[in-house]
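Worksheet: one structure, shown below.
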């Protein structure tokens, strides 16, 4: 008998986000004994690094792991950062989705206001204990407190709050965990900190492992990393939903003013240009902007972008060309789609050109480079050379791009080949944070796999002695999960990583070609040298010269002929641009 | 100059879970044009199937996709389910983390109270429009309404709510989306529905594609799937945190009563046995249960499990053995660890045996099979034979197991080889829902990759004509993301999938051995047949018999000798257990 809907829905309930993540803790990276421990270290260390960079402090991070029993550890993470004001600290560690970073377009490691409270939750559900916090903003008072989470309400519970005078500044978190395990493998705390040091040469890390052994990763750069400034969304990546949301908060008098105030790269001139196409929309009060208006603005931005990126499209608009080749027809049809949205009707050829013409002269600046903080081409090269001692290094730093929502991002790729490298390794980073887990589901891994490396001289790339380092910088890294270990397959990001890999591939091709050329020449030389005594003998008989003299002469000729080999070898050992 | 902590934290804010998932929509599966569309279909279809099964209705699902413009589609999903009461509908579609399923230990496809509202959110941010809902519980009144989400508050906004008399029962959702694309590839809506039909032979699905073509997947089973009953947590998987949470809600008079009431498989006899070990804890009022008490109870459960699963451990306790072999020493040390937690001190040998002895006779029933709803061994075999027409099929249905939190799960594996299968394919399912995306980051994929298939007669498994179907049933599937496309690497689940694959591998080995044997015999037969005329001629000359007669005689002998081939071939074509 069919159950009634009333019965089925009588258990309908609402839940807190803390309940959700308690039940789905693996989404935060708490699955597996080794991984859970590394996740906790990652959350606390990235918070420390973010805080130091924001405050302009050279970070000194101290990490200690003590084994208290079977699968039972105590973790201490201490920094010399700016500290946390005592009235805010409970929410930082005791409430999910609370933080300074979530709503800002700024490149920080943390983004979601989940990490620190996630550690508290994990400590609580494995040991029943709070985390212990000690912090001071350097105002002469040190605060200590125990923090737990009221899971049903997603609110902090604070106990044993004390304060006392002290001249220390920084934050220290002590977190006891069960059901975790430490080892030295590729997913370990040690490996995590080692890779953090590779991508952050301005950081000093001291790690005391469970055996009491102290590992020091010393800084090699003595200038703090400048934190990226807060970025405005870029017009080429904005969506109608973004514009409507903006318009509801805007205090500008007109939509046109709102665009120059709220978006990056929009000068007054650009708005004047757009006024010729969308006069009524841009003169509206922002509060009156409709979804349809927003779609028309977005289509205009997209048309501007299209015309600035496609010379053929630009040319047919400039010439108002009617008799189109197949290629021109393709571009025309794309422009027609934009025109249709802008005009709200199927446009005639004449109308397409009429709408597009004023857009030709509009210039919108690219996304600001200075909001992104890449590792830097030179630092990657030095880091790879120093840490891996390879035979050859190629580095590519791509220009910043945007993905949906106007979010700037930038891809860096470094490839090191040969020398002391013995096997293939892919090192993934996002905003200089190592990604150790979930390699399989990551856009970075997919992009590397999607390249036809044979083209670049590697018949079997993934068995070659190659280290590939890829760092994605963004004000909002599109992680697949709140556990922040894999990049989602956002097409713009995926394609940009591929483009970077192909660019670096061309540099590798130069290297592999030289290696092949050398191998070929060496082979030829070997053959010649093999027959040389025989030839020398025959020549000596023919000419009546001394056999040894002839042979030496021939040897010299061969050496001369193949001295190119040494030149090539020297080039291979050298740097690539 | 270092920025002050006060400045850094002045922007500290709290956020709604709707804001979080709006910004991280890819975590819900909304990334990529094709995937976003498939995700929306998936969310609505699984809700329909769950509702029908819960109400005991044979599901009729109608899915229609209309192309409205460039990357612009209208999706309609209609079912004959129980309908949604009109006062609850707004929260189902307009509030994240609200639902009937989140808090229950019951095997449904949906679990998190996010899916339906996620569709509304995606519709809203791509088109600015609400979803349209039509529903009736069959009480003579049909309700229609438009639903959106107030993102800042995570609350529904309802407009145009109307009702009228009508004798229909079911739910219909119309959702318009932009930035999506339909195709017929392996990630498409079509493929999703096809696989849903393979794993759910009791469902009727009619799909009208954007070209107006109608695809019908007809039911072959005419009995509704019985919904699993709600499961109690199992003692072997429970954590201290679970026990403390239970104790705070329990109305039982003692902790002992609480355990029999709230946990599965715990009879009065089991509690009496445990009373000998933990008398004070089990006599407590539940509200007074401490974390430490909870840890002692969990250690007792673990010790009971250990003794029931390890014969050697059982034996040394029974004999109170003091002189231990190396293997026995290992088991003793594990028991000692449990005893240490139970007693709260480092135990003597005598004390270890004293604590363990009463546990020997305690029996805790395994998790209930009837709360899980697997596809079924026979249905998998039939479905694979009917859909793929292979040469050989092997199916393994493992017994239910538990993972952390006392959550029951069960693994089914079907492998089809040869016949009309031309290439390798892995079909992943969770609770009979096809998982099309994120194959790389999924424990199922990892488990398949981790098997040494050479052992089972496949030198190059992933290039062989093989289809592997794996279905994970659970009351709480550990998805890696809220997008529900990949299984997290929970060790118990991963190991169980591996065990199922190895079991199926042994069946495959029988098949591949037979194939090899046949190939070998065929080869020998071929050689004999090649020389047969020559031998016949020599024999004819020797014996004076007619050459043709001798040859026919020899041919018969060879056929007789190798008729085993046909027997073997018949076996290969047949079924495997």
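Read the figures in this text as sums done on the coordinates, not as results from a lab. All values reported here derive from a predicted model rather than from experimental measurement. Positions of Cβ are backbone-derived with ideal geometry, glycine not excepted, and every protein chain shown enters the neighbour counts.
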Counting other chain Cβ atoms within 10 Å of each Cβ in B:237-246 and taking the mean gives 3
For the protein assembly as shown, share of DSSP beta bridges that run antiparallel, in % to the nearest 5: 85
Specify whether the C-alpha gyration tensor of chain A places it in the rounded, prolate or oblate class, a ≥ b ≥ c being the square roots of the eigenvalues: rounded for a/c under 1.5, otherwise prolate if a/b is larger than b/c and oblate if not. oblate
For segment A:374-577, give me the percentage of DSSP beta bridges that are antiparallel, rounded to the nearest 5 percent. 80
Most packed first (mean Cβ within 10 Å per residue), the peptides A:137-147, A:388-398 order as A:388-398, A:137-147
Which peptide among B:435-445, B:42-52, B:84-94 comes first, and what is the full order, when sorted by highest mean count of other Cβ atoms within 10 Å? B:42-52, B:435-445, B:84-94
With a ≥ b ≥ c taken as the square roots of the eigenvalues of the C-alpha gyration tensor of the protein assembly as shown, please select rounded if a/c is under 1.5 and otherwise prolate if a/b is larger than b/c or oblate if it is not? rounded
Segment B:235-361: relative contact order in percent, alpha carbon pairs under 8 Å with at least 6 residues between: 28
Closest to the B-onto-A rotation axis, which residue of chain B has its Cβ, and how many Å off the axis is it? B:441, 1
Burial-style ranking of A:183-195, A:516-528, average other-beta-carbon count within 10 Å with highest first, yields A:183-195, A:516-528
At q = 0.18 Å⁻¹, what is the base-10 log of I(q)/I(0) for segment B:221-284 according to the Debye formula with one equal point scatterer per Cα and no solvent? Please give it to two decimals. -0.67
So between residue A:153 and residue A:72, what do we pick up on full extension, going 0.36 nm a residue minus the alpha carbon distance? 26.3 nm
Work out the mean other chain Cβ neighbour count within 10 Å for the residues of A:20-32 and drop it here as an integer. 5
Using only DSSP helix segments of four residues or longer, with each worth -39500 (n - 2.57), what per-residue ellipticity at 222 nm results for chain A after dividing by its residue count and rounding to 500? -13500 deg cm²/dmol
Among the DSSP beta bridges whose two residues both lie in chain A, what percent are antiparallel, rounded to the nearest 5? 85
What per residue convex hull volume, in Å³, do the alpha-carbon atoms of segment A:106-188 yield? 151
For the pair residue A:463/residue B:531, report the inter-label distance in nm, with labels modelled 7 Å from Cα in the Cβ direction. 3.9
Restricting to Cα pairs below 8 Å that are 6+ residues apart, what does the relative contact order work out to for chain A? Please round to a whole percent. 12
With contacts defined as alpha carbon pairs under 8 Å and 6 or more residues apart, what's the relative contact order of segment A:374-577 in percent? 23
The residues A:451, A:380, sorted from fewest to most surrounding Cβ atoms within 10 Å, come out as A:451, A:380
Taking beta carbons within 10 Å but only from partner chains, what does the mean come to for residues A:79-90? 3
Given axes a ≥ b ≥ c from the Cα gyration tensor, I'd like to know whether segment A:17-217 is rounded (a/c under 1.5), prolate (a/b larger than b/c) or oblate. rounded
